[in-house]
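For reference, the structure discussed in these notes is given below.
Just so you know, all these numbers are worked out from the coordinates, no wet-lab data involved. Everything quoted here is computed from the prediction, not taken from an experiment. Using ideal geometry, Cβ is built from the backbone for each residue, glycine included, and neighbour counts are taken over all protein chains shown.
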Amino acid sequence: MQVLVAKPEQLADAAKSLLDDVPDGRVFAFAGEMGAGKTSLIKALCAVLGIGEAVSSPTYALVNEYRSGMDEPVYHFDFYRIDSDEEAMDIGLEEYLDSGAYCFIEWPEKVEKLLPSTCIEVDIEVLEDGTRRLSW
């Protein structure tokens, strides 16, 4: 599926479309160049899930945990600064991915071999006019 996002106000609808399109999906990998909008889309997904707290990229912590409106955990990973699969394993990535909770992963190519086959790949492409094309 593809969705075009021309304005930030459209992110909520795009996030809802993504979650509605893959209702059983729990692990999502977001690929796109720096500044493409990975964190912004994850913020929109968290809002749709009822997360009221501030959502930010866990660039240095590697993972942030939020609580959904149903008081369920939601995990947000940023592997931009990770150097090895072992480093990801050391933070317990496998347990997070197997938890059944939503896992949103930025820079998934850094841990590609560790992602489950059920992972939903979301590509964010910046078009010439600044519009984002989301594909999954």
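Observations, loosely collected:
- Net dipole in debye of the chain [+1 Lys, Arg Cβ; -1 Asp, Glu Cβ; about Cα centre; nearest 20]: 460
- Degrees between helix 38-48 axis and first principal axis of the chain (Cα, 0 to 90, nearest 10): 90
- Cβ-to-Cβ counts within 10 Å put ASP129, ASP20 in ascending order as ASP129, ASP20, the fewest first.
- Using a simple spin-label model with pseudo-atoms 7 Å out from Cα toward Cβ, ASP90 and ASP20 lie 4.3 nm apart.
- Degrees separating the helix 11-21 axis from the principal Cα axis of the chain, which is the longest one: 60
- Label zone at ALA6, where the point sits 7 Å out along the Cα-to-Cβ direction: region 113-136 residues whose backbone N lies under 12 Å: 129-132
- Lys pairs under 23 Å by Cα in the chain, provided they are eight or more residues apart or on distinct chains: 8
- Near GLY32: Cβ cut-off under 12 Å, other residues only, Lys/Arg at +1 and Asp/Glu at -1. The net charge is -3.
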